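Worksheet: the structure to be examined is printed underneath.
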Amino acid sequence: MMDAGMDLLHSSGVNMVQYLQTHYRDSQSWFLFISFAADLRNTFFIFFPIWFHLRESVGVKLIWVAVIGDWLNLVFKWILFGQRPYWWVHETPYYSNSSVPHIEQFPVTCETGPGSPSGHAMGSAGVYYVMVTSILTILLQKHQPSVKNWCVRAVLWSGFWGVQLCVCLSRIFLAAHFPHQVITGVIKGMIVAEAFSHIQWIYGASLKKYLHTTLFLFCFTVGFYLLLKVLGVDLLWTLEKAKRWCVRAEWVHMDTTPFASLLRNLGTLFGLGLALNSPLYMESCRGKQGHNTPFRLGCIAASLVVLHLIDSFKPPTNIEALFYLLSFCKSAAVPLATVGIIPYCISSMLSRHDRKLL
């Protein structure tokens, strides 16, 4: 009965994929752009440096919500064993008495992890929830209801749900997810973001706390994987399906594998802890230049340029262990550059300029 119910749910999802691909074929470029924009990479390389230097606490929360949310997404994927449309249509016996529906694939379709819940939807919901609630906190005064405040809330939350709708439709159009998977992702992403609204210790966490959290997340994930492998459950069962059913081998990317995602997130969290507890950060962001508007704007501009250069580096995939190590280091370099190195360099330049004027 359970299998029949899931087959019905999946088949209705395939029908929606076909409907979107048939009736909105001209919107393919838009859906591809939305899927790219909703990737957590943009949170780390764009949203984080902007928010950190405008309002530090929001930048820190963004990293925690993105990292913990994506880690939970990995755990949920391993527990739920979710299918993906682009391989399910070829392997299910549901269509044994009829022709297999044709669904198109795209360069970002062939992700290698399980499908439920959607990582793009969960990450996007969590990140945008943090940004919307932070903007509301900054703009609106509490306990003073007015038409202006209501309009601001309506506009921001309408924008939030508009973004989530676009992300969900994009992932379905690309045949990367079923509808129920993206809906589940949005709900869980909002829950993670709301939970971090009540967690205050992340803003003053020591390097030891960051290190312990990073080690816990790594050990729990690897331990969970090894435990189930001993019990005969292969949590990497989706890799074979992706390689088998993706229409182009080059569309199966190693950076979509579960452990690549894990090490990227752990590298980012560790790098943030290292940066926030470094002398460079104390002398620049916490120093006399910390509240200087030109300093902050300079940090944002320089960070965006430097992080773009860092993002352009692609770790080689021919040696798996080296790929994972370099992915960790690349991710750690993002907050290190944004929080520590770049602010220190700009602070030093401004200080020398001030001394010359004197």
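Evaluating residue 151 against the criteria (1) under 29 Å from residue 57 (Cβ atoms); (2) in a helix (DSSP H, G or I); (3) within 20 Å of the chain's Cα centre (by Cα) leaves one unmet condition, (3). Answer yes or no as to whether residue 37 is closer than 23 Å to residue 113 by Cα, without any contact (Cβ under 8 Å) to a residue 24 or more places away in the chain and not aromatic (Phe, Trp, Tyr). Answer is yes for this residue.
Here residue 329 meets each of (1) more than 20 Å from residue 61 (Cα to Cα); (2) more than 19 Å from the chain's Cα centre (by Cα); (3) assigned to a helix (DSSP H, G or I) with one exception, condition (2). Restricting attention to the stretch 58-75, does a residue exist that is in contact with a Leu (Cβ under 9 Å, 6 or more places away or on another chain) and among the charged types (D, E, K, R)? Among the residues of the stretch 58-75, at least one is in contact with a Leu (Cβ under 9 Å, 6 or more places away or on another chain) and among the charged types (D, E, K, R), which makes the answer yes. Can we say residue 169 is among the aliphatic types (A, V, I, L, M) and open to solvent by 20 Å² or more (accessible area, probe 1.4 Å)? It is true that residue 169 is among the aliphatic types (A, V, I, L, M) and open to solvent by 20 Å² or more (accessible area, probe 1.4 Å). Of everything in the stretch 180-199 that is touching a Ser or Thr at 6+ places or on another chain (Cβ under 8 Å) and surrounded by fewer than 19 Cβ atoms within 10 Å (Cβ to Cβ), the residue that is nearest to residue 10 (Cα to Cα) is 180. Restricting 137, 221 to those that are of a type in the set (Ser, Thr, Tyr), modelled with pLDDT under 95 and within 24 Å of the chain's Cα centre (by Cα) reduces the list to 137.
The values are calculated or read from the model by the stated rules, or taken from the named source; none is laboratory data. As the structure is a prediction and not an experimental result, all values here were calculated from the model. Cβ coordinates were reconstructed from backbone atoms using ideal geometry, including for glycine residues, and neighbour counts include every protein chain displayed. Heads up: the accessible areas ignore ligands, DNA and RNA and are worked out on the full protein's heavy atoms, side chains in. Shrake-Rupley method; radii C 1.70, N 1.55, O 1.52, S 1.80 Å.
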